[in-house]
Amino acid sequence: MTTPDQPDRPDFDDPPDRPGGEHRGLREALGAWVLGALDGPARREVEAHVASCPDCAVEVGALSPLPGLLNRLSAEEIVDGRLAVDPGLADRMATELRAVEASVHQRLSRWRATAMVALALAAVAALVAGAGLLVDRGATAPPEDRLVAPVRAQVADAVSTRGEAAALAWEWGTTVELDLQALPDRDSYVLWAVATDGTREQAGTWGATTGRGARVRGASSIARQDLDHVEVTDADGTVLMTFTFPPD
Amino acid sequence: MAGGLRSLEELQQEFTGPLHAFALRRLGDRRAAEEVVQDTLVRAWRHADRFDPARGSEAAWLFTIAGNLVIDRLRRRQARPVATGRPPDPDTTMPLVADDAEVDRILETWQLAEALATLSEEHRAAIVLCHHRGHSVAEAAGVLGVPEGTVKSRVYYGLRALRLRLEEQGVMG
């Protein structure tokens with residue numbers, strides 16, 4: 001953000017038929033006049049000049065939309081420039097978005113690999129089924145039907161938690177799979193599914209592990225298209241982290 | 001991606017700033033605003049096939065997604081503690097759909113903020129004192145410890161520079 005300290009001086013050559021000093025001095029008062037910041041005598045002097053100086057009248061016309069526009073921002077927003085883009089933001093965003101793209105592709109291929117293994121196992125199981133073994137059919141949802149959301153910490157000691165939740169749609173509701181590392185230290189954890197209408201359903205619970213990691217599968221009768229987000233709380237109901245899925 | 005949406009990179013280039021300002025003004029939290037920008041772009045990109053140019057501009061679509069993400073966050077702030085299931089305050093959780101007129105206004109306000117950021121601090125301070133704070137030139141001169149003529153000149157050249165930037169951005173003709 002460069003700050004030109006050189007004001008772009010306008011080309012106001014003094015009109016030959018007017019005393020130059022007066023025109024110049026009053027010209028610079030036009031900004032304050034447009035903002036209504038001149039006291040009585042000074043204001044009247046500028047008004048009289050503008051009425052007789054077409055140049056300054058044009059200038060007033062050019063400046064007069066600005067006060068209305070300035071009202072859209074608060075004094076604080078203007079003074080600290082907080083709304084202007086932080087130059088690092090676009091770079092950080094580009095890096096993060098690339099990472100998201102990469103992880104989506106990676107996850108899809110990983111899931112395809114898992115699905116292949118599952119199919120192979122199912123084929124083996126189908127052979128074995130003739131020998132009287134039970135086959136768990138339909139345990140794998142198709143890869144494109146898996147929504148994934150990254151973990152978002154809601155308490156300070158969940159900030160280092162890594163991982164994601166996946167939501168799989170079924171006829172009867174939704175399966176939620178968590179894969180988390182570095183959980184905050186608690187005795188037990190509860191997985192909740194929260195519907196867009198605010199309905200909450202406990203979808204699973206588990207206890208602390210020594211490695212502070214968890215691979216958990218929970219289930220809820222909330223249909224996935226009605227699922228707003230899932231969250232993990234501790235036994236007291238304090239939300240530790242949330243996972244918000246992209247729209248179904 | 002289908003649906004006539006431009007690439008993620010192009011969207012990011014064009015909308016990171018306006019989306020960030022939009023979210024920041026509503027959430028007041030820089031980091032949360034950054035998350036909203038990122039989530040907005042990711043959602044738009046993942047669901048590009050749902051973008052229908054016949055139903056509104058790309059910008060309106062993005063700001064609708066961003067608006068809803070902002071609402072989600074405001075709701076979540078109110079919704080803690082969770083276990084009670086207390087309904088959120090409807091005032092801050094009205095669903096938000098951006099139409100093109102509203103989006104134009106959001107973009108314009110952001111361009112205004114960008115243009116103001118290119119002015120010198122002295123120019124900004126003089127404008128804010130005389131406009132937002134309602135000071136007269138004499139009062140502003142007292143606050144800043146400079147002669148009245150300096151305040152007038154800072155306000156004037158500040159406003160001129162602002163107008164020039166806005167013209168360059170096409171906000172003012």
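The values are calculated or read from the model by the stated rules, or taken from the named source; none is laboratory data. All of these numbers come straight from a predicted model, not from anything done at the bench. Here Cβ is always computed from backbone atoms with ideal geometry, including for glycine, and neighbour counts include all displayed protein chains. Note: areas computed on protein heavy atoms with side chains; ligands, DNA, RNA excluded. Shrake-Rupley method; radii C 1.70, N 1.55, O 1.52, S 1.80 Å.
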Order B:Val151, B:Val143, most accessible first, counting only protein heavy atoms with a 1.4 angstrom probe.
B:Val143, B:Val151
Each label sits 7 Å from Cα toward the beta-carbon; between A:Ser160 and A:Arg72 the label points are separated, in nm, by 4.5
In Hz, Karplus ³J(HN,Hα) per residue of region A:60-76 (6.51, -1.76, 1.60; θ = phi - 60°; x = Gly, Pro)
4, x, 6, 8, 5, x, 5, x, x, 5, 4, 5, 6, 10, 7, 4, 5
Go through region A:144-248 and name the GluC sites (Glu not before Pro) that are in a DSSP coil and have 12 or fewer other Cβ atoms within 10 Å of their Cβ.
A:Glu171
With x for Gly and Pro, the residue-by-residue ³J(HN,Hα) of region B:48-60, computed from phi through the Karplus equation 6.51 cos²θ - 1.76 cosθ + 1.60 at θ = phi - 60° and given in whole Hz, is 4, 5, 8, 6, 10, x, 5, 9, x, 6, 4, 5, 4
FRET efficiency, 1/(1 + (r/R0)^6) with R0 41 Å, evaluated for B:Glu167 and A:Asp91 via beta carbons:
0.90
Give me, ordered by chain and number, the residues 5 or more places off A:Arg212 or on other chains with an amide H under 5 Å from its own placed amide H.
none
Give me, ordered by chain and number, the residues 5 or more places off A:Trp170 or on other chains with an amide H under 5 Å from its own placed amide H.
A:Thr175, A:Arg224
Going by accessible area, probe 1.4 Å, with all protein chains left in place, what is the ranking of B:Arg75, B:Arg31, B:Arg55, largest first?
B:Arg55, B:Arg31, B:Arg75
With the crude spin-label approximation of a point 7 Å out along Cα→Cβ, what separation in nm comes out for A:Asp197 versus A:Val58?
6.6
Note, region B:29-38: 3J(HN,Hα) by Karplus (6.51, -1.76, 1.60, θ = phi - 60°), whole Hz, Gly/Pro = x, goes 9, 4, 5, 4, 5, 4, 4, 4, 4, 5
